[in-house]
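Below is one structure; the comments refer to it alone.
The values are calculated or read from the model by the stated rules, or taken from the named source; none is laboratory data. Worth saying up front: this structure is predicted, and the values here are computed from it rather than measured. Every residue, glycine as well, gets a Cβ built from its backbone with ideal geometry; the counts of neighbours run over all protein chains shown. These area figures cover heavy atoms from the full protein model, side chains too; ligands, DNA and RNA do not enter into them. Shrake-Rupley method; radii C 1.70, N 1.55, O 1.52, S 1.80 Å.
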Amino acid sequence: MKIFLNSQTFLIALFLFIAFHAQAQNTRSFFSVTGGYSLPVGELAREKLDDPFAGLTGSGYFGQANYDFRIARWVGLRVSGSMNLNKTNSQPIIDKANSYAAGLGETFTWQANVSKWKLNALMVGPALYINMGRAQIELHAQGGKVWANSPTVDLIGTAENGGEPITVGLKPASTSAFGLAGGASLRLPIAGKLYFQLSGDVIGAEAEIKDVTIRAVRGSFDFSEKVSEKRFIGVVNVGAGLGIAF
């Protein structure tokens, strides 16, 4: 009990010290919204033989909101929430479908219908500030939660010599994991408390894909299989937006 009271007293004292020091440094909060171009990184971005998920993710776009609380002149805390929407490359699933077709001894042409990859993240961590008059460079490292939704891929294969078509489908799946992020931003004053911001972030996580079904059926033939593996998924986001200091 005594240890608990001492710890509580210490935390209260630390909070009051930070608050007093922040006030002395004329601390400001900063809220910004950015958006722009997104590129995948990790195993889902690289094509690899015998892996239907490798190379499945393509470029896309993102939106992100950030809140900075500056504890001292050079140091603060940053909270970020981001949403990514990336296109899906159907070729890895077509390659997998062709491996099924090889077992039938036939050649197929494919029509593909795909949805998009989704990756959301909520991150928090320390930030460093380099002040250049009213302009500012911000650097941060964060940790938090990453949520990923894999896409739907539907293929219809038509045999060159005719006959019944083959249908191949990748069903959507959701996963979440602890992730890490890091990046930087350049803040340039526009007028008063309004700023223009350029930003770049890398977000990634080791996520487990469980029992994702690749369904392949032609008449009485069923080549369906389930995939359960861990993979590194991530994105590089580069964009611009506006921020306000208060």
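Numerical summary
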item: In the stretch 91-134, residue least open to solvent (accessible area, probe 1.4 Å) [restricted to those that are more than 24 Å from R215 (Cα to Cα) and not in a strand (DSSP E or B)]; result: G133
item: Total residues in the stretch 213-223, condition part of a strand (DSSP E or B) and open to solvent by less than 80 Å² (accessible area, probe 1.4 Å); result: 5
item: Unique match (being under 26 Å from K145 (Cα atoms) and open to solvent by less than 20 Å² (accessible area, probe 1.4 Å)) among G182, G239, G200; result: G239
item: Flag for L77 being open to solvent by 10 Å² or more (accessible area, probe 1.4 Å) and modelled with pLDDT of 80 or more; result: yes
item: Odd one out for K210, checked against (1) in a strand (DSSP E or B); (2) open to solvent by less than 80 Å² (accessible area, probe 1.4 Å); result: (2)
item: Verdict on K145 being modelled with pLDDT under 85, under 23 Å from G42 (Cβ atoms) and of a type outside the set (S, T, N, Q); result: no
item: Candidates K193, K210, K171, K226 - the one that is of a type outside the set (S, T, Y) and within 17 Å of S32 (Cβ to Cβ); result: K193
item: The stretch 135-153 residues that are over 16 Å from Y67 (Cβ atoms) and open to solvent by 10 Å² or more (accessible area, probe 1.4 Å), paired with ones that are basic (K, R) and assigned to a strand (DSSP E or B) (beta carbon under 7 Å, 6 or more apart); result: A135/R187; N149/K118
item: Inter-residue pairs, beta-carbon under 7 Å, first more than 19 Å from K230 (Cβ to Cβ) and in the stretch 181-208, second of a type in the set (K, R) and modelled with pLDDT under 95, 6+ apart; result: P189/R134
item: Residue that is farthest from V202 (Cα to Cα), among those in the stretch 154-164 that are open to solvent by 50 Å² or more (accessible area, probe 1.4 Å) and in a strand (DSSP E or B); result: T158
item: Condition check for V168: of a type in the set (A, V, I, L, M), open to solvent by less than 40 Å² (accessible area, probe 1.4 Å), closer than 21 Å to N89 by Cβ and touching a strand residue (DSSP E or B) at 6+ places or on another chain (Cβ under 9 Å); result: yes
item: Within the stretch 171-188, tally of residues that are farther than 17 Å from G239 by Cα, in a strand (DSSP E or B) and either at pLDDT 90 or above or not polar (S, T, N, Q) (or both); result: 5
